[in-house]
1. Might you let me know whether the stretch 232-248 holds any residue that is under 29 Å from Gly345 (Cβ atoms), more than 16 Å from the ligand (Cβ to nearest atom), in contact with a strand residue (DSSP E or B) (Cβ under 7 Å, 6 or more places away or on another chain) and aliphatic (A, V, I, L, M)?
2. Considering (1) closer than 21 Å to Ala190 by Cα; (2) open to solvent by 10 Å² or more (accessible area, probe 1.4 Å), say which one Ser237 fails and leave the rest.
3. Only one of (1) touching a Gly at 6+ places or on another chain (Cβ under 9 Å); (2) away from the ligand (no atom under 16 Å from the Cβ); (3) hydroxyl-bearing (Ser, Thr, Tyr) fails for Tyr202. Which number is that?
4. Return the pairs, sorted by first residue and then second, in which the second residue is within 11 Å of the ligand (Cβ to nearest atom) and open to solvent by less than 20 Å² (accessible area, probe 1.4 Å), the first residue lies in the stretch 303-325 and is among the basic types (Lys, Arg), the beta carbons are less than 7 Å apart, and the residues are 6+ apart or on different chains.
5. Looking at the structure I just gave you, is Leu211 free of Cβ contacts under 8 Å to residues at least 60 places away in the same chain and within 16 Å of the ligand (Cβ to nearest atom)?
6. Which residues, taken from the stretch 318-368, are open to solvent by less than 50 Å² (accessible area, probe 1.4 Å), of a type in the set (Lys, Arg) and either part of a loop (DSSP other than H, G, I, E, B) or farther than 17 Å from Leu381 by Cα (or both)?
7. Within the stretch 246-260, work out how many residues are part of a helix (DSSP H, G or I) and surrounded by fewer than 23 Cβ atoms within 10 Å (Cβ to Cβ).
8. Under 9 Å by Cβ, and 6 or more places apart or on different chains, what pairs join a residue from the stretch 148-162 that is open to solvent by less than 10 Å² (accessible area, probe 1.4 Å) and outside any loop (DSSP other than H, G, I, E, B) with one that is of a type in the set (Phe, Trp, Tyr) and more than 10 Å from the ligand (Cβ to nearest atom)?
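The values are calculated or read from the model by the stated rules, or taken from the named source; none is laboratory data. The model shown is predicted, which means the values in this text are computed figures rather than measured ones. Counting neighbours? That spans all protein chains shown, and the Cβs are built from the backbone with ideal geometry, glycine included. Ligands, DNA and RNA are excluded from the accessible area calculation, which covers all protein heavy atoms including side chains. Shrake-Rupley method; radii C 1.70, N 1.55, O 1.52, S 1.80 Å.
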Amino acid sequence: MALLIKKGRVIDPASGTDDVLDILIEDGKIKDLQKKITRPKTAGVEQIDAAGLIVVPGLIDMHTHLREPGYEYKETIQTGSWAAAAGGFTTIVCMANTNPVNDNASVTNFILDKAVKEACVNVLPVGSITKELKGELLTEIGELKEAGIVAVSDDGVTVKSAEVMRRGLEYARSFSVPVICHCEESDLAAGGVMNEGVTATYLGMRGIPPLAEEIIIEREIALSAWTGQPVHIAHVSTAGSVRIIREAKARGIMVTAETAPHYFSLTEDAVVSFKTDTKVNPPLRSREDMAAVKAGLQDGTLDVIASDHAPHSTLEKDVEFDNAAFGMIGLETSLPLALALVHDGTLTLSQMVEKYTLNPAKILQIDKGRLCPGADADITLIDIDSEFTVDRDSFRSKSRNCPFHGWHLKGRAVYTIVSGTVAFSLKN
Ligand code: DOR
């Protein structure tokens, strides 16, 4: 089985390539990348005309919640993978807060088996740092790694005890496993449902202060320096967090960070609608925070854009704001929202692509995120000028908790190719 992608503008930040090239794929791998490749005379070579399209390494979403096992009514590994492919992602990294929690090798094996049978993109599981996300007993990180996890995280909650986190970092370090940190001091955040500030006061809602996030980021950075284990900060949302990470990087601490599209696309003003799709953790913040997140993306303080795709059903969302679950889906809107930053000049195309490909691959130590002969043929083709209106009812995801429904966006994935096979095409 061979595939020839003709005349696309290939952008590969790993090699610094930005050029109109042809790409030949054979047996799931990139065989050749040249100015002009003529179609091999062998039978069964398909061709994609990529003239006018951007061709990039398959996008990686390093922060996804698939709800299987346990909450299949919200999302399954299969439906999550369909949503990923439709959003241009060839690899998704799924968090451990399933039921049961991915805190042992049998859950990891279950996810990987299901993924092989039912997913149309690569699914890489994250194991938890502590058993049942309780913040008490460490998991067997070595066993989890052997079973196939790519990182550990208690995402959804912070490991409350600095002592447990310290031991977790030391333990992860001995197996070279990346650690992803959910940063929120639970006492400071207790009972909060949106950003603390004037808007929360006006709405009569309890706030979550930026300090709740920042104090734990400071702690994780200190623990990283102490233990020598790199830390990756999940879903950065505040100006203070961006400043703290920027300063830590300047000091040579091994800290990397991601933000999610909703933190550079929406502010707390969206909560005034009382729509529960705007309830997310960390919460949507102020205009100043949003500006700082964009600046952090621009200067490289924030290495990665990750969706934090968090599917919830109407059971959890069609309720009073106070009682609604935190989270919004994001796989099918992430890339178009990030392209808005390219269209408005905040990021170059290459900078944006790097945050979805090379950077997450480096942080996770996976052999993905680049286009070169011999690499896995995971490739995304993007039409950056295609305009469309977000329609959550047409989503592949099982859930509908999307605050961007009805938004007019510009740019989207038109082909998602996983190991040389077309997993999504806008035409079909
Ligand atoms: O809003 C959120 N939802 N933030 C998290 O950290 C977890 C996620 C979920 O799993 O629903």
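1. yes
2. Of the numbered conditions (1) closer than 21 Å to Ala190 by Cα; (2) open to solvent by 10 Å² or more (accessible area, probe 1.4 Å), the odd one out for Ser237 is (2).
3. For Tyr202, the failing item is (1).
4. Partner pairs satisfying both residue conditions: Lys317/Ala324; Lys317/Asn401.
5. Considered against the rule, which asks whether it is free of Cβ contacts under 8 Å to residues at least 60 places away in the same chain and within 16 Å of the ligand (Cβ to nearest atom), Leu211 comes out as no.
6. Within the stretch 318-368, Lys368 is the sole residue that qualifies.
7. 4
8. Val152/Tyr171
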